[in-house]
Amino acid sequence: MKLNRKNDYMKYWRIVRKIVKEKYGIGTEQLDFLLFLHSEEYFTAATFREYSKLFNWKHSRFRVMIVQGWIVNFKKKKNSNKAIYGISHKATNLVNEVYRLLNKGIFSENGQTNPFFKKTNVPYTFKLYADAIVRINEATRQQQRRSLE
């Protein structure tokens, strides 16, 4: 029985997450934070700390994300007003790439844009991910051709 699923884009979440982590050099927790903060648009340090309670305790996480360029200060603290932060252009590009990869379903097979297709000094797991991506792209293209008919 063939089920008609509209929202089946999380199927390749593991591959998308791994591509983004390798390409941008971030960890899973940072990625989760950026996905959360992207929907917040603007936030305070208190908002960040509240969400960080769901993760392993790491006091310097907020500062590290600012230093690495993932979070920017939009409005400095003034008198009794709190400082307002937002995610940087770099972080917005990362989140947009996650959504684009999940929605599109076709992954790049170019070594310059996809770390799994680099030719030299790559771990064996990269080869496994690259092979999986080729098979996924093939199946997605075949499915797209069928839907056009």
Open item on the list: Given the options 128, 98, 68, identify the residue whose Cα lies farthest towards the positive end of the charge dipole of the stretch 64-149 (+1 on Cβ of Lys, Arg; -1 on Cβ of Asp, Glu).
Closed with: 68
Open item on the list: Only four residue types carry charge here, +1 at the Cβ of Lys and Arg and -1 at the Cβ of Asp and Glu. Report the dipole size of the chain about the Cα centre in Debye, rounded to the nearest 20.
Closed with: 200 debye
- [ ] Sort 65, 10 so that the residue with the fewest other Cβ atoms within 10 Å of its own Cβ comes first and the one with the most comes last.
- [x] 10, 65
- [ ] Mean Kyte-Doolittle of at least -1.0 plus a Cα span of 27 Å or more along the axis: flag which DSSP H helices in the chain meet both, please.
- [x] 124-148
TODO: Return the calculated 222 nm mean residue ellipticity for the chain, to the nearest 500 deg cm²/dmol, obtained by summing -39500 (n - 2.57) across DSSP H runs with n ≥ 4 and dividing by the residue count.
DONE: -17500 deg cm²/dmol
TODO: Please identify every one of the chymotrypsin sites (Phe, Trp or Tyr not before Pro) in the stretch 35-112 that sits in a loop by DSSP and has no more than 11 other beta carbons within 10 Å of its own beta carbon.
DONE: 57
Task: Tensor-based shape of the stretch 74-149 (alpha-carbon gyration tensor, a/c under 1.5 rounded, otherwise prolate or oblate) - done: oblate
Open item on the list: Can you tell me which lysines have their Cα less than 23 Å from the Cα of residue 119? Leave out same-chain residues fewer than eight positions away.
Closed with: 18, 21, 23, 127
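Only the coordinates and a few stated rules stand behind these numbers; no lab work does. Model, not experiment: these values are computed from the prediction. Cβ coordinates were reconstructed from backbone atoms using ideal geometry, including for glycine residues, and neighbour counts include every protein chain displayed.
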